[in-house]
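First up is the structure itself, then whatever we jot down about it.
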Amino acid sequence: MSSVSIPSGRPTADGENPPQPGGLSSTMVLALGTFAVGTDAFVVAGFLPSMADSLHVSVAAAGQSITVFAAAYAVLSPVLATLTARLPRRVLLIAALLTLGVANLLSALAPNLAVLIASRIIAAAGAAAYTPNAGAVSAALVRPELRARALAVVIGGLTVATALGVPLGNLISHWLGWRSALGVVAGLCLLVAVGVRLIMPELPGNPRVPLRTRLAVLRRPTVLAVLPLTVLGMGASYTAYAYSVPVLKAVRVPESATLWMLFLYGLGAVLGNMAAGYATDRWGSVRVLTAGYVSMALALGLLAWIAATHGSLLPVVGLLVMLWGASSWCQTPPQQHRLIEVAPQEAPLVVSLNSSGIYLGIGLGTVLGGVALPVGTTTVYGLGAILAVAALLFLRITARAAAHGD
């Protein structure tokens with residue numbers, strides 16, 4: 001996500017922005033949009049082998065479409081936030097959804113890998129423009145005491161996409177093909193664009209903040225001690241998740257059960273994200289992250305062992321996949337908390353940079369998984385476990401250094 005401020009309308013007497021008409025209904029439409037964005041970002045992993053076969057390339061090569069999307073999102077996010085700052089918010093959101101919809105149509109019709117890659121870059125631009133602004137606009141459309149709830153609903157669309165969007169995409173691709181699955185995502189984006197046009201009130205743009213100012217916070221040692229962990233942790237998870245269909249097959253998950261395994265991963269992601277927010281408030285960020293990386297290393301390490309021994313333990317695999325999902329997405333709340341602690345005056349900016357770090361990690365993991373996949377799925381799982389251990393070591397070293405610095 002990129003850094004955005006809440007659009008300002010005409011202030012009330014107490015200085016607060018007034019609630020806009022249709023705030024709650026607009027929030028639900030915006031949440032449907034983030035669901036579409038999240039599904040688009042993650043759905044490719046569910047039908048990667050069939051996509052590769054159709055385009056006559058290897059699974060690892062097709063997986064680079066995930067890398068390109070993630071890297072483009074991370075890089076374009078702050079750039080687009082700067083370039084589009086002054087646009088009216090409704091115009092910007094509709095344009096972003098139309099861009100995302102058209103890009104998915106191009107992906108669905110792609111005759112070769114080159115066209116697919118180009119269309120994924122365009123899709124990333126639409127996603128990078130939509131997601132952060134949807135959150136900011138939702139907060140501006142409701143009363144101040146409802147803002148946190150509205151933000152949770154809109155951003156929750158991304159988490160729900162992990163739990164439902166990816167399995168549904170896998171199901172549609174199984175019935176109708178991967179091109180149809182991307183076509184459904186395109187249709188959903190265009191439908192939400194119509195909903196935004198009909199329901200959302202007009203809101204002005206924001207003052208333009210130079211890109212150099214947005215990125216200046218990256219020069220702070222305290223921020224640099226925290227932010228790389230997001231990249232490393234998400235990279236650990238996506239080394240295997242980007243290639244979930246072949247790596248699940250390696251642990252004796254039949255094709256008919258792949259959908260349920262993806263659902264278990266998504267369910268774990270939702271539960272892990274929710275539990276991490278509560279646990280961070282109670283026990284602190286470092287303890288939650290420590291538990292998360294230990295769990296991820298354990299889950300991926302055991303999956304590597306099952307793959308290497310050709311075991312057939314479907315219930316155990318299901319539990320490990322759920323643990324893998326929970327440990328992957330429990331990182332965000334404590335990492336955001338740590339970044340806000342070290343840069344409280346730039347909280348929106350560092351949170352947005354953390355989101356860019358998530359997508360950089362997804363890109364990193366996809367590249368590493370693609371390199372390891374020809375060697376064997378055991379290597380893919382093992383590499384993910386090693387990266388999880390590396391994330392744990394990075395966390396403990398930087399946390400200890402910060403404690404001694406205090």
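The values are calculated or read from the model by the stated rules, or taken from the named source; none is laboratory data. Quick caveat, the model's predicted, so the values are computed rather than measured. All Cβ positions, glycine included, derive from the backbone under ideal geometry; neighbour counts span all protein chains shown. Each accessible area value is taken on the protein alone, full model and side chains, heavy atoms only, with ligands, DNA and RNA left out. Shrake-Rupley method; radii C 1.70, N 1.55, O 1.52, S 1.80 Å.
Using mean Cβ contacts within 10 Å as the protection proxy, how do 251-258, 287-294 order, highest first? Spell out each step's value before the answer.
Details: 251-258: 15.6, 287-294: 21.0.
Highest-to-lowest ranking by the protection proxy: 287-294, 251-258.
Distance between the pseudo-spin-label points of L298 and R220 (7 Å out from Cα toward the beta carbon): 3.4 nm.
Helical runs (DSSP H, four residues minimum) scored at -39500 (n - 2.57) apiece and divided by the length of the chain put the mean residue ellipticity at 222 nm at -26000 deg cm²/dmol. Using R₀ = 22 Å, calculate the FRET efficiency as 1/(1 + (r/R₀)^6) where r is the Cβ-Cβ separation of R143 and L198; round to 0.05. Working from the Cβ atoms, E equals 0.45. Amide H to amide H, with H built 1.01 Å from N, L87 comes under 5 Å of N206, counting only residues 5 or more places away or on other chains.
Tell me, what is the percent relative contact order of the chain, built from C-alpha pairs under 8 Å that lie six or more residues apart?
On the way: 766 pairs, mean separation 106.3, N = 406.
Rounded, it is 26 percent for the chain.
In debye, nearest 20, what is the charge dipole magnitude of the chain about its Cα centre with +1 on Lys and Arg Cβ and -1 on Asp and Glu Cβ, if you could check?
Values: 22 positive and 11 negative charges, 104 e Å.
Result for the chain is approximately 500 debye, rounded to the nearest 20.
Over segment 264-309, what per residue volume does the convex hull of the Cα atoms give, in whole Å³? Provide the component values of the computation, followed by the final result.
Values: hull volume 2.5 nm³, N = 46.
Each residue corresponds to 54 Å³ of Cα convex hull volume.
How many Å² of accessible area per residue for the chain, probe 1.4 Å?
Roughly 41 Å² per residue, with all protein chains present.
Scalar couplings 3J(HN,Hα) for segment 197-203, obtained by applying the Karplus form with A = 6.51, B = -1.76, C = 1.60 to θ = phi - 60°, are 5, 7, 9, 7, x, 6, 9 Hz; x denotes Gly and Pro. Using a Förster distance of 35 Å, how high is the FRET efficiency between R86 and W175, based on the Cβ-Cβ distance and rounded to 0.05? Taking R0 as 35 Å, the efficiency between R86 and W175 is 0.20. For the chain, carbon and sulfur atoms together expose 71% of the accessible surface, with a 1.4 angstrom probe and every protein chain in place. Remark on the chain: Rg and Dmax equal 20.5, 69 Å (Cα only).
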